[in-house]
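Engineer: Can you keep this structure in mind? I'll have questions shortly.
The values are calculated or read from the model by the stated rules, or taken from the named source; none is laboratory data. Because the structure is predicted, anything quoted here is derived from the model rather than measured. Every residue, glycine as well, gets a Cβ built from its backbone with ideal geometry; the counts of neighbours run over all protein chains shown. Ligands, DNA and RNA are stripped out before the accessible areas are found, and what is left, the full protein with its side chains, is counted by its heavy atoms. Shrake-Rupley method; radii C 1.70, N 1.55, O 1.52, S 1.80 Å.
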Amino acid sequence: MSKIVVIGLGYIGLPTAGMFAHNGHEVVGVDISPYVVNTINKGEIHLEEPGLAEFIRECVEAGNLRGSLTPESADAFIIAVPTPMLADKQADLSYVEAATKTLVPYLKTGDLVVLESTVPPMTTEKVVGDILREGGLDPLHDLNVVHSPERVLPGRIMTELVENDRVIGGLTAEASQLAYELYKSFVKGDIHLTDATTAEMVKLMENTTRDVNIALANQFAIIAEQLNVNVWEAIEFANRHPRINILKPGPGVGGHCIAIDPWFLIHSVPLVPELLVKARQLNDFMPSYVSQKVLDLSQKHSIVKPKVAALGLAYKADVDDPRESPAIEVIHQLMNAGCEVAAYDPFIQTVVGVPCVESLEAAVQDADCILVLTDHAYFQELIPAQFVTQLSNPIVVDTRHCLPHD
Ligand code: SAJ
């Protein structure tokens, strides 16, 4: 059993702290927000993730997990803070730097320091390593420092934390081995040991692969539309080939990972990786493509300022997370073009700057156009005939192939 300090109690840090606490470790979860710390100490949680609330309540009640505003001495320290993107699309490492600095006074020889946040290549070695060196600690000899990227899918975090394979990249082989021993207390997937920079690149390659593949699907959708081909049917048939797996086109790529991480890779080398840049640009263009489609169809039906029922605000199906959601970008563009928008999402009640309504019925009432932006199961179960026929101009733009086609 070890004592573990987890810095950052967000979507990754909190479930990870819970996993260690459930598996016999004493865990202190540290966050800069007093609200978050108080909520955890009451045995409650401040974010939505299936299975997490019960899990954390049990750890806190059992006395294995507590929240704190400051770190304390421990055997292992896990950094799980955000790495957002700056306006120039470089990584904002300020949270990683601040977290590392707060740890320095509590570190002793032999401690394990794990960076879980997604970071540009060389961050563990150079950024974290330099801060530790400035604090008088040699990251190669005094401490065991590793990068072990989180790889779990929002909505399935509690399952994937346990079942997914994990990559651990240490600044030394001893550090990797020590982290391996710790993580195997709850990881059932295989744990692969490597060096820190390889682990950083593995994580970025995963999300970049998804971004490029989504861009390819979106490119196919744009081509198919011009050829009057149903792209969903074409993809379904192409995917019957044993070596083809085309992803789904849509209104763009949202969330705080896949739209950001490719830039960390792009900026890590002097020679611009054009393919990755083009994929990012194409996915970023999709909200404009969708909003223009709505405007073109409205014009075709001689509607000057269409009323649009926008269904879905979350960045993807069945989550309550509107961060970087392409749906919100599409809605803003339509509003800027003079459309009247009524947005409805069964998981999200309000988003600043978006006119949200409380029900599907309220959204579609008097609408000229129904625009599906997120493929929540709730929308997939709808029977469009029940409300589309009430519209005077039944324009339906289903960006997710969510409603039944007929
Ligand atoms: N999307 C499409 N078409 C698709 C798949 C996704 O348009 O075929 C869109 C979604 O609607 C969404 C965006 O892409 O807007 C991203 O969704 P996602 O489900 O692909 O990924 P995230 O951001 O929720 O989580 C990803 C995961 N990475 C991979 O699957 C490689 C997860 O495993 C990572 O841990 C997470 O990023 C992260 O934290 O980095």
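Engineer: Once you sort the root eigenvalues of the Cα gyration tensor of the range 48-96 as a ≥ b ≥ c, which label holds: rounded (a/c under 1.5), prolate (a/b larger than b/c) or oblate (the other case)? If you can, show how the numbers build up before the last one.
Structural biologist: Values: a/c = 3.78, a/b = 1.68, b/c = 2.25.
It is oblate, given that a/c is not under 1.5 and a/b is not larger than b/c.
Engineer: Name all residues of the range 114-140 having a backbone nitrogen under 19 Å from the label point set 7 Å from the Cα of residue 98 along its Cα→Cβ direction, giving them as ranges.
Structural biologist: 115-120, 127-129, 131-132
Engineer: Residue 296 versus residue 188, label points 7 Å from Cα toward the beta carbon: distance in nm?
Structural biologist: Computed distance between label sites residue 296 and residue 188 equals 4.8 nm.
Engineer: How much accessible area does residue 275 have with a 1.4 Å probe, in Å² rounded to the nearest 10?
Structural biologist: 120
Engineer: For 300, 101, write out the residues from largest to smallest accessible area, computed with a 1.4 angstrom probe and no ligands counted.
Structural biologist: Largest accessible area first, the list is 300, 101.
Engineer: What net charge do the residues around residue 25 carry, taking every other residue with its C-beta under 15 Å from that of residue 25, with Lys and Arg at +1 and Asp and Glu at -1?
Structural biologist: Combined, the nearby Lys, Arg, Asp and Glu give -3.
Engineer: If you don't mind, another one. Work out which helices of the chain, taken as complete DSSP H runs, extend at least 20 Å along their axis over the Cα atoms and score a mean Kyte-Doolittle of 0.0 or more, then list them. Before the final figure, lay out each step's value.
Structural biologist: On the way: long enough: 196-226 (46 Å, 0.14); 274-300 (37 Å, -0.29).
Result, helices passing both filters: 196-226.
Engineer: Sticking with this one: Count the net charge of all other residues whose Cβ sits under 10 Å from the Cβ of residue 57, scoring Lys and Arg as +1 and Asp and Glu as -1. Write out the running numbers ahead of the final one.
Structural biologist: On the way: positive: 42; negative: 44, 54, 58, 61.
Every neighbour counted, the sum reads -3.
Engineer: List the residues whose amide H sits under 5 Å from the amide H of residue 252, counting only those 5 or more places along or on another chain, with H placed 1.01 Å from N in the peptide plane.
Structural biologist: Here nothing satisfies the definition.
Engineer: Could you list which residues have their amide H under 5 Å from that of residue 111, counting only those 5 or more apart in sequence or on another chain, with H placed in the peptide plane?
Structural biologist: Counting only residues 5 or more places away or on other chains, the set is 144.
Engineer: Count the lysine pairs in the range 28-128 whose Cα atoms lie under 29 Å apart, taking only pairs 8 or more positions apart in sequence or on different chains.
Structural biologist: 5
Engineer: Say R0 is 60 Å: what FRET efficiency, to the nearest 0.05, do residue 278 and residue 44 get from their beta-carbon distance? Provide the component values of the computation, followed by the final result.
Structural biologist: Details: r = 45 Å, r/R0 = 0.74.
Taking R0 as 60 Å, the efficiency between residue 278 and residue 44 is 0.85.
Engineer: In the chain, what % of DSSP beta bridges are antiparallel (nearest 5)?
Structural biologist: Counting only bridges with both partners in the chain, antiparallel ones make up about 10 percent.
Engineer: DSSP loop (so not H, G, I, E, B), at most 12 other Cβ within 10 Å: list which GluC sites (Glu not before Pro) in the range 53-152 pass both filters. Could you put the intermediate results ahead of the total?
Structural biologist: Numbers: sites: 54, 58, 61, 72, 97, 116, 125, 134, 150; in loops: 72, 116, 150.
Listed in order of number, the matching sites are 72.
Engineer: Just flag the GluC sites (Glu not before Pro) in the range 339-406 sitting in loop per DSSP whose Cβ has no more than 16 other Cβ atoms within 10 Å.
Structural biologist: Numbers: sites: 340, 358, 361, 381; in loops: 358, 381.
Qualifying residues, ordered by number: 358, 381.
Engineer: Take the alpha carbon gyration tensor of the range 254-358, find the square roots of its eigenvalues, order them as a ≥ b ≥ c, and report rounded if a/c is under 1.5; if not, report prolate when a/b exceeds b/c, else oblate.
Structural biologist: oblate
Engineer: Treating only the Cβ atoms of Lys and Arg (+1) and Asp and Glu (-1) as charged, compute the dipole magnitude of the range 340-399 about its Cα centre; round to the nearest 20 debye.
Structural biologist: Working: 0 positive and 9 negative charges, 6 e Å.
Once rounded to the nearest 20, the dipole reads 20 debye.
Engineer: Here is a follow-up. Let me spell out the model: positive unit charges on the Cβ of Lys and Arg, negative unit charges on the Cβ of Asp and Glu, origin at the Cα centre of the range 1-142. What dipole size does that give, in debye rounded to 20? Please report the intermediate quantities before stating the final value.
Structural biologist: On the way: 9 positive and 20 negative charges, 28 e Å.
The calculated dipole for the range 1-142 is roughly 140 debye.
Engineer: Hey, another quick one. In terms of the Cα gyration tensor, with a ≥ b ≥ c the square roots of its eigenvalues, is the range 121-213 rounded because a/c is under 1.5, prolate because a/b exceeds b/c, or oblate? Provide the component values of the computation, followed by the final result.
Structural biologist: Numbers: a/c = 2.37, a/b = 1.48, b/c = 1.60.
Cα axes put the range 121-213 in the oblate bin.
Engineer: Taking H placed 1.01 Å from N in the peptide plane, check which residues at least 5 places from residue 194 or on another chain put their amide H under 5 Å from its amide H.
Structural biologist: Amide H to amide H, under 5 Å and 5 or more residues apart or across chains, residue 194 pairs with 168, 169, 170.
Engineer: Enumerate the whole-percent occupancy of each 20 Å bin, from 0 to the last occupied one, for all C-alpha pair distances of the chain.
Structural biologist: 25, 50, 23, 2
Engineer: Normalized C-alpha radius of gyration of the range 1-138, against 2.2 N^0.38 Å?
Structural biologist: Against the empirical 2.2 N^0.38 Å value, I get 1.04 for the range 1-138.
Engineer: Projected onto the charge dipole of the range 182-287 (+1 at Lys/Arg Cβ, -1 at Asp/Glu Cβ, origin at the Cα centre), which of 258, 191, 247 gives the Cα projection farthest towards the positive end?
Structural biologist: Of 258, 191, 247, it is 191.
Engineer: Follow-up question, since we're still on this one. Rule-of-thumb check for the range 222-309: C-alpha Rg over 2.2 N^0.38 Å?
Structural biologist: In units of the globular-protein estimate, the range 222-309 measures up at 1.41.
Engineer: Please calculate how many Å² of accessible area the range 225-329 carries per residue, with a 1.4 Å probe and no DNA, RNA or ligand atoms counted. If you can, show how the numbers build up before the last one.
Structural biologist: On the way: 5640 Å² over 105 residues.
About 54 Å² of surface per residue is accessible.
Engineer: Quick check: net charge around residue 399, other residues with Cβ under 11 Å of its Cβ, Lys/Arg +1 and Asp/Glu -1?
Structural biologist: That sum, taken over residues with Cβ under 11 Å, equals +1.
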